Amino acid sequence: MNEVTKIDGIGSSVRRTEDKKFLTGKGRYTDDINRPGQVQAYFLRSDVAHAEIKSIDTKAAQSAPGVVGVFTGADIAVDKVGGPICGWVVPCRDGSSTKEPPHPLLAQGKVRFVGDAVAVVVAETMEQAKSAAELIDVDYNELTPVVDFVNADKGAQIHEEVPNNCYFDWELGDEGATNKAIERAAKVVKLSVRNNRLVPNAMEPRSALAEYDSLDESYTLHTTSQNPHLTRLVLAAFMFAIPESKLRVIAPDVGGGFGSKIYVYIEEAVCVWASKKIGRPVKWTADRTQAFLTDCHGRDHVNDVQLALDENNKIIGLRVDTVCNLGAYLSAFSVVVPTILHGTLLSGQYDIPAIYTNVKGMATNTVNVDAYRGAGRPEATYLLERTMETAAKEVGMDPAEFRRINFIPKDAFPYQTQVALQYDIGDYEPHLDKAMEMIDYSNFEKRRAEAAKRGMYRGIGMSSYIEACGLAPSAVVGALGGRVGQWESASVRVNPTGTISVFTGSHSHGQGHATTFAQIVADKLGIPMENVEVIHGDTDKTPFGMGSYGSRSLASGGSAISKAVDKIINKSKKIAAHLLEASEDDIDFKDGKFVVGGTDKEKAFGEIALAAYVPHNYPLETLEPGLEENAFYDPTNFVFPSGTHIAEVEIDPATGVVEVVDWAACDDFGNLVNPMIVEGQVHGGIAQGIGQALLEDAHYDENGQLLTASYMDYCMPRADDLPSFKVGYTNTPCTHNDLGVKGCGEAGAIASPPALINAVIDALSPLGVTDMSMPATPQKVWKAIQESQSVAAE
Amino acid sequence: MYSTKYIKPNSTSEALEAIKSMGEGKFLAGGMTLIPTLKQRLASPDGLVDISGCDLDSISDEVDAIKIGAMTKHASVGESGLVKKAIPALAKLADGIGDRQVRNRGTLGGSVANNDPSACYPSAVLALKAIVHTNTRSIEADEFFTGMFETLLEENEIIEAISFSKPAKANYVKFPNPASRYAMVGVFVAQFNDGVRVAVTGAGEGGVFRHAEMEAALSSNYNADALSALEISSEGLISDLHASPEYRANLIKEMTKRAVV
Ligand SMILES: Cc1cc2nc3c(=O)[nH]c(=O)nc-3n(C[C@H](O)[C@H](O)[C@H](O)COP(=O)(O)OP(=O)(O)OC[C@H]3O[C@@H](n4cnc5c(N)ncnc54)[C@H](O)[C@@H]3O)c2cc1C
């Protein structure tokens, strides 16, 4: 008998191999890297939200101690360096396109938000750069700031190119059919919701270190990026007009992104530019205040919803009119998030025969708004699941039953929604049933009564969400206005001793790819996981790839790896056939061994690898030596995870404090490669959703000053804000990728806010409360209770 | 941070000498407030006099009071057997400040000298009829706090210790600001033979204050029910993103009720 090697393959909860270095403080982040001769950059930022720059006097700063250079927008203009670009645009209702105003690297003539970069000081030390920046005299002619995005069309015009401060006015769906459904409906449920503005708050602030090599006229940029190849493409092709080969971008360990590190920001571009200008490596690292002021924020929508029901409480139409805040400049994916990633999700898990949506994207004097964990889908899920709950209450049905009668039936897949997407597979009742069981839904009223005896209001709320991740296929993405492909790449190199190096175009900034991807390879090749090394994040090492966002890494990146491994197996079979003097068709590959069917003749995978690199006995006439394969995988569709989350809360009426006392999450992510990592992603996502629903709120005052610019006022979720989560799964494997996987990175953040707010409203429903905006802070909840009591007293 | 001088003397007198030699010097205690202020360039003292080597961190029993050195860390007060026995509410207060890291650096003297309107300690000083001992005098609590971030301390006057009177009964209940977890409203209630003192922090525009009506009500009946009929005025209370004056007024009553057990 052959000795059986233990394989930590697909489906096993292997501990994350990357955690040792992170937990022992050995991670190597951009700011940990230093280059000889390095200087520090510090950005002087506007402290007013909207103003013309009358003049900038940098004389005193130029001669301050340690200063190597002081530059303004004028210097950038002389060198004709372009600004960040918008990666996706949409058509407008009037036939025009998205308005794309320029975004200069350093302000030219105007500042448009508090934090807009006006000048950069480069000095020997950061403290010297800061001191010198204080000597720069900027004379502003202040303009009226536009902060309220709902009325931004009436405010002062921010960009010449953007009339009425409206970047786009987009629509999707059949307006006529939808309005007709609303007219003939037995009941129309109306709701207006706001999706509060969030600051991403990755643990590691953004950082960049750029170096110019004058000998071969090339740059190296270390930066906090979720997609180094895209960063290289944008910098090389659109900003600096240099060949990609002259710029190497490395995103080493990255401490969280949540979307905020997808885009190319002006700071990293300025560092690249300055590194040549000065001839020394230039480093910049944001402090927390700069992160609050200049990282792209998330969400910030207002949605007006009308849900039409027939006499049997079946949904016959849905209309959603949305206004969203995109901030001062158009960030890379700011346009796609509230449109394609939001409007197309409005059917949720429901069979809705008519849907129409209109979205207006507004410019304001606040920092740019772009993708943040979930990106568009949390906003869609929130408005839909809040409306479902409200509708159920209004028609007097149990919210679960109301959802159930409106679910897309199991046998209706593939299901074409009225908002472009075609769901390949799903089965929604099982996760609803299981989540209800997990939280003991049927006994809830007993718990409510028991809580009431203690003077507490207890409530329960659910959310059945759909999520579309792994944006695809590229042709459709292009037709919808996307300017990039949406495939992923992998290169699998078998080393002569049979160990494997996997080069992936995906990027891990906390997701655990080094573990998950290695499991896939180990499983497919039947070798130990320790023999597989995963390399990512360096444009000089990895093939061109799209990076990680939108829960795409496993479905797209993992599938590319799987394809490349299939090619390795195919070639190995040829080598094995030669070595075993058999026909290729007779070779079976199983448990890491190539066996001639029906015999005991076999070759281990390691022997094949060695033969490929030491081809002394090898079919060189028909087969190249070596064992290394590439794959570029362009998925044929999105993947569609779904699930039901149920939250249970208790509210203290004396203080308004909401305590999350129980949580059941039942998700369908398709096949799970590493259930432990998946569970971690679910926990993290729910924590962020609880943050949005109860705690977090980015607040600008009427002058455009960010009042919540530190942790003294911006409330992040902490461990003691969270309950112990009950996590469960159902599984309908994805039909169009080899691994049968979907995506799990954003689901928790998508599902949780409406479940929680529904629970809060349910708890207060005995008082007549029917609405609650996010975040449901103690003060807000207390006020709602007071007001309901004063109404009752009248 | 602007560059500045740093000195670490071995006694209070050396510290005073050092600070007098500077144009505008600052005592550095735990640095939990001062260092962030310097880092954000909101202050630019000529020098820092670190008083952690000046032997100001002892806790002693003075029969009617517990005397705590200014440099005693919040963690030490929270753990102190002496404090836990004589004034458990004070140990509880110290244990509820910030997080473990802050409690292991932040000091009693720093907190009281700073008189942040959301800080916890000032309420204990006021409710426990404390005496603030400085290098030149002893100041009664009722005189010491003069407004938000303001105290009676003169330039270069150093707090050496604070004596807290032992109450018959006391309690501190804090409603944390959801973001910072400083007190959005903190109430220290102390019962003495001659009456009850109620000090409120986190809520007043003038910083920590005593609540005369609640003191009167509780002095005649030390029971949460004694507060039920009281209408707490929202006048003079802080209004910010997290709480309106009305909400703070509600919390003052509610936290006081919870403190009276
Ligand atoms: C994250 C965080 C959370 C916190 N949470 C809370 C909380 O929940 N509740 C709370 O009450 N506090 C809280 N604090 C504040 C904490 O209690 C600090 O101890 C307090 O801010 C100052 O104490 P320090 O010893 O650090 O003083 P420092 O920062 O060193 O000094 C503060 C000021 O006092 C002066 N000073 C210091 N010692 C003396 C002295 N002996 N005589 C005269 N002047 C002196 C200094 O010159 C300076 O001006 C928190 C702080 C942080 C950073």
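The values are calculated or read from the model by the stated rules, or taken from the named source; none is laboratory data. Since the model is a prediction, treat every value here as computed from it, not as a measurement. In this analysis, Cβ positions are derived from the backbone assuming ideal geometry, glycine residues included, and neighbour counts consider all displayed protein chains. Note: accessible area is taken over every heavy atom of the protein model, side chains too, but ligands, DNA and RNA are not part of it. Shrake-Rupley method; radii C 1.70, N 1.55, O 1.52, S 1.80 Å.
Couple of notes before you dig in:
- Some residue of segment A:628-647 being within 30 Å of A:PHE413 (Cβ to Cβ), among the aromatic types (Phe, Trp, Tyr) and open to solvent by 70 Å² or more (accessible area, probe 1.4 Å): yes
- When residues of segment B:230-247 are limited to those that are at the interface with chain A (Cβ under 9 Å from one of its Cβ atoms) and touching a strand residue (DSSP E or B) at 6+ places or on another chain (Cβ under 7 Å), the one surrounded by the fewest Cβ atoms within 10 Å (Cβ to Cβ): B:HIS242
- Scanning segment A:590-617 for residues that are aromatic (Phe, Trp, Tyr) and crowded, with 19+ Cβ neighbours inside 10 Å yields A:PHE594, A:PHE605.
- Residues being assigned to a loop (DSSP other than H, G, I, E, B), away from chain A (no Cβ under 14 Å) and open to solvent by 40 Å² or more (accessible area, probe 1.4 Å) - total across segment B:1-49: 6
- Every condition in (1) open to solvent by less than 20 Å² (accessible area, probe 1.4 Å); (2) more than 7 Å from the ligand (Cβ to nearest atom); (3) in contact with a Lys or Arg (Cβ under 8 Å, 6 or more places away or on another chain) is met by B:CYS120 except one, and the failing one is (2).
- Condition met for A:ALA133 (open to solvent by less than 30 Å² (accessible area, probe 1.4 Å) and over 34 Å from the mean Cα position of the chain (by Cα)): yes
- With respect to the stated conditions, B:ASN250 fails to be away from the ligand (no atom under 16 Å from the Cβ), assigned to a strand (DSSP E or B) and not basic (Lys, Arg).
- Residue satisfying condition, being buried (at least 22 other Cβ atoms within 10 Å of the Cβ), part of a strand (DSSP E or B), more than 12 Å from the ligand (Cβ to nearest atom) and more than 13 Å from chain A (Cβ to nearest Cβ), within set B:ALA161, B:ALA199: B:ALA199
- Condition check for A:ALA763: touching a Lys or Arg at 6+ places or on another chain (Cβ under 9 Å), crowded, with 20+ Cβ neighbours inside 10 Å, more than 14 Å from every other protein chain (Cβ to nearest Cβ) and of a type in the set (A, V, I, L, M): yes
- Where strands (runs of 3 or more DSSP E) sit wholly within segment A:251-331, those with at least 1 residues that are closer than 30 Å to A:THR390 by Cα and in the same structural domain as A:GLU171 (by TED's automatic domain parsing) occupy A:298-309, A:315-327.
- Scanning segment B:61-93 for residues that are open to solvent by less than 10 Å² (accessible area, probe 1.4 Å), assigned to a helix (DSSP H, G or I) and more than 9 Å from the ligand (Cβ to nearest atom) yields B:VAL77, B:GLY78, B:VAL83, B:ALA89, B:LEU90, B:ALA91.
- Selected residue [out of contact with any strand residue (DSSP E or B) (no Cβ under 6 Å at 6 or more places or on another chain), of a type in the set (D, E, K, R) and assigned by TED's automatic domain parsing to the domain that holds B:LEU251] from B:ARG181, B:ARG105, B:ARG210, B:ARG137: B:ARG181
- Residue within segment A:14-30 that is open to solvent by less than 40 Å² (accessible area, probe 1.4 Å), within 25 Å of A:ARG483 (Cβ to Cβ) and in contact with a Leu (Cβ under 7 Å, 6 or more places away or on another chain) present: no
- Given (1) open to solvent by 40 Å² or more (accessible area, probe 1.4 Å); (2) in contact with a helix residue (DSSP H, G or I) (Cβ under 7 Å, 6 or more places away or on another chain); (3) farther than 30 Å from B:ARG100 by Cα, number of the condition B:ARG210 does not satisfy: (3)
- Subset of segment A:331-355 that is under 14 Å from the mean Cα position of the chain (by Cα) and under 23 Å from A:MET462 (Cα atoms) - its residue that is most open to solvent (accessible area, probe 1.4 Å): A:LEU341
- Of the listed requirements (1) touching a Lys or Arg at 6+ places or on another chain (Cβ under 8 Å); (2) within 8 Å of the ligand (Cβ to nearest atom), B:SER52 misses just one: (2).
- Qualifying residue in segment B:168-177 (condition: near the ligand (Cβ under 8 Å from one of its atoms) and part of a loop (DSSP other than H, G, I, E, B)): no
- When residues in segment B:94-111 are screened for being in a helix (DSSP H, G or I) and either aromatic (Phe, Trp, Tyr) or within 6 Å of the ligand (Cβ to nearest atom) (or both), 4 of them pass.
- Residues (farther than 18 Å from B:ALA259 by Cβ, more than 9 Å from the ligand (Cβ to nearest atom) and outside any loop (DSSP other than H, G, I, E, B)) located in segment B:123-140: B:ILE131, B:VAL132, B:HIS133, B:SER138, B:ILE139, B:GLU140
- Scope segment A:406-436; condition part of a helix (DSSP H, G or I), open to solvent by 10 Å² or more (accessible area, probe 1.4 Å) and closer than 24 Å to A:VAL639 by Cα; matching residues: A:LYS410, A:ASP411, A:ALA412, A:GLU429, A:PRO430, A:ASP433, A:LYS434
- Looking only at segment B:184-195, residues that are farther than 13 Å from B:LEU126 by Cβ and either among the polar types (S, T, N, Q) or surrounded by 21 or more Cβ atoms within 10 Å (Cβ to Cβ) (or both) come to 4 in all.
- Residue within segment A:673-694 that is under 23 Å from the mean Cα position of the chain (by Cα), in a strand (DSSP E or B), surrounded by fewer than 24 Cβ atoms within 10 Å (Cβ to Cβ) and not basic (Lys, Arg) present: no
- Scanning segment A:666-701 for residues that are closer than 19 Å to A:VAL199 by Cβ and not small (Gly, Ala, Ser) turns up A:ILE686, A:GLN688, A:ILE690, A:GLN692, A:LEU694, A:LEU695, A:GLU696, A:ASP697, A:HIS699, A:TYR700, A:ASP701.
- Among the residues of segment B:225-241, at least one is in a helix (DSSP H, G or I), in contact with a Leu (Cβ under 8 Å, 6 or more places away or on another chain), free of Cβ contacts under 8 Å to residues at least 40 places away in the same chain and closer than 22 Å to A:ASP652 by Cβ.
- Subset tally (residues that are in a helix (DSSP H, G or I) and either more than 43 Å from the chain's Cα centre (by Cα) or farther than 18 Å from A:LEU627 by Cα (or both)) for segment A:559-602: 8
- On inspection, B:ASN114 fails the criterion of being in contact with a helix residue (DSSP H, G or I) (Cβ under 6 Å, 6 or more places away or on another chain), within 14 Å of the ligand (Cβ to nearest atom) and either not aromatic (Phe, Trp, Tyr) or not assigned by TED's automatic domain parsing to the domain that holds B:PHE27 (or both).
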